Amino acid sequence: MIEVLRAGLCDLVMDLGRPGRRMLGVPAGGAADPAALAAANHLVGNDAAAAGLEIALSGPRLRFPLGGVAALTGARFAARRSSGAPVAWNETLVLAAGEVLTLDRPESGCRCWLALRGGLAVPSVMGSRSTFLPSGFGGHGGRALQAGDVLHCGVPTNEMKLLRASPPADEAEGDLRVVAGPQAGQFDDVGLAAFFGTPYRVDAASDRRGVRLAGTPVSHRRAELPSQGVLPGSVQIPPDGQPIILGWDGPVTGGYPVIAGVITADVPRLAQLKPGDAVRFVTIEVEAACELAAAQWTFKELA
Amino acid sequence: MGKQTTGQPLVASTCWRWVGERGLRVETGAMTLARYMLLISKNLTDVEDIIPADGSLLLILRRSARVSPEVRAALSAPLDVAQTAVKGKRHEIVVDYGGAAGPDLPALAKRAGMSEAAYIDCHAATEYTVAFLGFQPGFPYLQGLPPTLQAARRASPRQQVAAGSVAIGGRYTGIYPTDGPGGWHVIGRTHTVLFDPQRAAPALLMPGDRVCFVPA
């Protein structure tokens with residue numbers, strides 16, 4: 001059980017989303033870094049697909065009247081527990097009855113995930129407990145958490161151990177690795193040189209629908225084309241030439257040329273971009289991207 | 001850098017491109033829906049989802065999956081005549097045209113050189129086919145819009161378009177299921193609920209369905 005004493009900027013109930021319904025215009029959604037949520041769930045003995053909280057930019061203050069077992073993964077936020085115990089990331093945390101967990105701002109990055117043993121027991125809508133804000137369904141009443149909200153947990157079914165988790169090694173040093181997109185050929189050399197050669201800044205108007213970038217405009221020969229299927233990580237270039245990286249709750253079809261697609265292994269990095277961050281793009285081959293996507297979190301028991 | 005990544009030919013007669021390393025965009029032209037139906041019927045284990053769109057399909061592969069022989073076979077398998085003639089349900093949708101419900105109607109009618117009444121008559125006299133759903137959950141791209149009614153999207157999108165708004169965007173007419181931003185020209189509004197996540201079939205209109213608009 002969680003009582004929300006103070007809501008963060010955008011605390012959303014998320015699981016692994018609702019893939020398989022894009023034909024209805026419904027994006028898969030779900031945690032922006034599904035492996036990080038799955039790892040948090042593993043740390044508390046939940047199935048990977050249990051619902052937890054995705055917390056962005058400014059965190060909530062949460063009270064656990066009955067105590068519980070929790071875990072945090074993703075960006076490290078300035079955080080404290082009313083018990084005075086340290087708030088470790090990537091570790092099983094045992095919370096005392098009545099304990100208050102306060103998350104403030106991220107030390108770096110943008111999003112973290114909080115799992116609670118038993119998982120958050122919100123209704124499943126179209127096969128998922130994930131919040132879809134643009135249409136206002138899923139999660140906790142289709143909206144971000146507010147002060148005064150109370151969330152309940154399910155009944156734990158699995159055994160649990162005290163664990164520490166490690167994310168896959170990150171070797172790209174900030175660049176977003178992309179596969180050249182289906183309309184890369186529609187851009188002239190000047191446009192391609194801008195996109196692949198100059199840095200972009202993350203705009204404040206970014207959210208789970210898309211990360212909007214500002215920088216050297218990417219010029220193209222044709223600004224619109226017949227609507228095509230797109231997925232999170234697809235980089236669209238609208239007529240003004242400022243790239244938009246489609247996010248988890250972005251539309252399933254788009255009518256702007258797609259210059260590139262962020263590889264699956266770098267979607268966790270996409271999840272950590274915040275306004276003001278610099279982004280550079282670098283291409284890699286499809287086969288290499290498939291191999292990188294196979295990297296896994298690892299776990300060991302705490303002594 | 002920036003070169004097209006196409007790899008080895010997927011199937012001889014198919015034009016395809018990568019969208020990331022999990023998205024496979026395949027040109028399907030007029031056979032988009034028929035090819036979609038065939039692919040879905042194969043229950044391809046390596047494919048997480050398929051998005052039908054305007055003349056193309058996007059196959060979304062499962063994480064780390066490669067393009068399997070089964071996927072190649074399904075993309076090149078011949079379509080039989082019955083599969084190419086997908087005929088869905090017929091829907092009549094009652095619309096309040098013009099006024100506050102359709103703020104862009106006067107300008108669109110003027111541009112088309114028609115009276116508002118003639119524009120409405122023309123829009124409502126046509127039977128449309130749902131080509132695909134996109135943009136918002138349950139948003140239908142309706143094909144069959146008479147050329148005289150077609151209009152490029154608004155130069156600047158509206159921040160807020162009301163749910164139920166009937167609109168014109170390029171070659172298509174469509175209906176916004178949810179309140180939100182939108183760049184199409186709004187000509188009317190319906191009270192019909194297009195998308196309800198709690199329904200067994202959340203989207204009222206499905207690709208292949210036929211739609212007629214009835215002035216209120």
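Computed values, structure above
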read-out: Loop trypsin sites (Lys or Arg not before Pro), the stretch B:124-216 (other Cβ atoms within 10 Å of the site Cβ: 14 or fewer; DSSP); value: B:Arg199
read-out: Point-to-point label distance, A:Ser58-A:Glu301, nm (Cα→Cβ direction, 7 Å offset); value: 4.4
read-out: Tilt relative to chain A, helix A:34-43 - C-alpha long axis, 0 to 90 degrees, to 10; value: 20
read-out: Using θ = phi - 60° and Karplus 6.51 cos²θ - 1.76 cosθ + 1.60, couplings along the stretch B:91-104 (whole Hz; Gly, Pro as x); value: 10, 10, 10, 7, 10, 7, 8, x, x, 5, 6, x, x, 8
read-out: Calculated FRET value between B:Met37 and A:Arg222, using beta carbons and R₀ = 35 Å, to 0.05; value: 0.70
read-out: Label-point separation, A:Asp170 to B:Lys87 (7 Å along Cα→Cβ), nm; value: 5.7
read-out: Reachable lysines, given that their alpha-carbon falls under 29 Å from the alpha-carbon of A:Lys300 and they are not under 8 places away in the same chain; value: A:Lys161
read-out: Note, ³J(HN,Hα) from phi for the stretch A:251-257, Karplus 6.51, -1.76, 1.60, rounded to Hz, x at Gly and Pro; value: x, 8, 10, x, x, 9, x
read-out: Shielding of A:251-264 by partner chains, average beta-carbon count, 10 Å; value: 5
read-out: Excluding exposed DSSP-loop GluC sites (Glu not before Pro) (at most 11 other C-beta within 10 Å), longest clean stretch of chain A; value: A:174-303
read-out: Sites A:Ala294 and B:Met114 - FRET efficiency at Förster radius 56 Å, r taken between beta-carbons, to 0.05; value: 0.45
read-out: Nonlocal amide H pairs with A:Val69, under 5 Å, H built at 1.01 Å; value: A:Leu95, A:Arg117
read-out: For A:137-147, mean number of other protein chain Cβ atoms within 10 Å; value: 1
read-out: √(5λ) per eigenvalue of the Cα gyration tensor, chain A, largest first, Å; value: 35, 19, 17
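No value in this document is a laboratory result; all are computed from the given coordinates. It should be emphasised that the depicted structure is a prediction, and the values quoted were computed from it without experimental measurement. FYI the Cβ positions are ideal-geometry reconstructions off the backbone, even for glycines, and counts take in every protein chain you see.
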